[in-house]
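The values are calculated or read from the model by the stated rules, or taken from the named source; none is laboratory data. Keep in mind the model is a prediction, meaning the values are calculated, not measured. Backbone-built Cβ (ideal geometry, glycine too); neighbour counts: all protein chains shown. What goes into the accessible areas is simple: the full protein's heavy atoms, side chains included, and nothing from ligands, DNA or RNA. Shrake-Rupley method; radii C 1.70, N 1.55, O 1.52, S 1.80 Å.
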Amino acid sequence: MLNFFDADLLIPDVVTVVYLGTDIFEEGDEFYYFEDFQQHSDLKKNSAAYTEQQIIRADQELHNFYTDAQVAQIFALLAEVKLG
């Protein structure tokens, strides 16, 4: 998940998340659910269940969610714009 702390897109905030699935609470919603990687790893180690407060819910448009290759490409383009 990629966000920026500033409007000039100079300070990125990259968070690694784990895809949990859609409609994981079986309520008929059409959202994608993710969880912070570290939290996911900790919960798996302790065999704990996650709650709605611990997950990230995204609509079908998936704003700010990218693969590692896409994040690298975005950073390369930003570097060209900022340095060029």
Cβ-Cβ under 8 Å pairs, at least 6 apart or on other chains, region 51-74 side over 15 Å from VAL14 (Cα atoms), far side loosely packed, with under 11 Cβ neighbours inside 10 Å and modelled with pLDDT of 85 or more: none
Flag for THR51 being modelled with pLDDT under 85 and among the hydroxyl-bearing types (Ser, Thr, Tyr): yes
Close pairs from region 17-31: first under 10 Å from ARG57 (Cβ atoms), partner assigned to a loop (DSSP other than H, G, I, E, B) and open to solvent by less than 60 Å² (accessible area, probe 1.4 Å), Cβ under 6 Å, at least 6 apart: ASP29/ASP23
Output for region 2-42, where each listed residue is touching a Leu at 6+ places or on another chain (Cβ under 9 Å), open to solvent by 50 Å² or more (accessible area, probe 1.4 Å) and hydrophobic (A, V, I, L, M, F, W, C): PHE4, LEU9, LEU10, VAL14
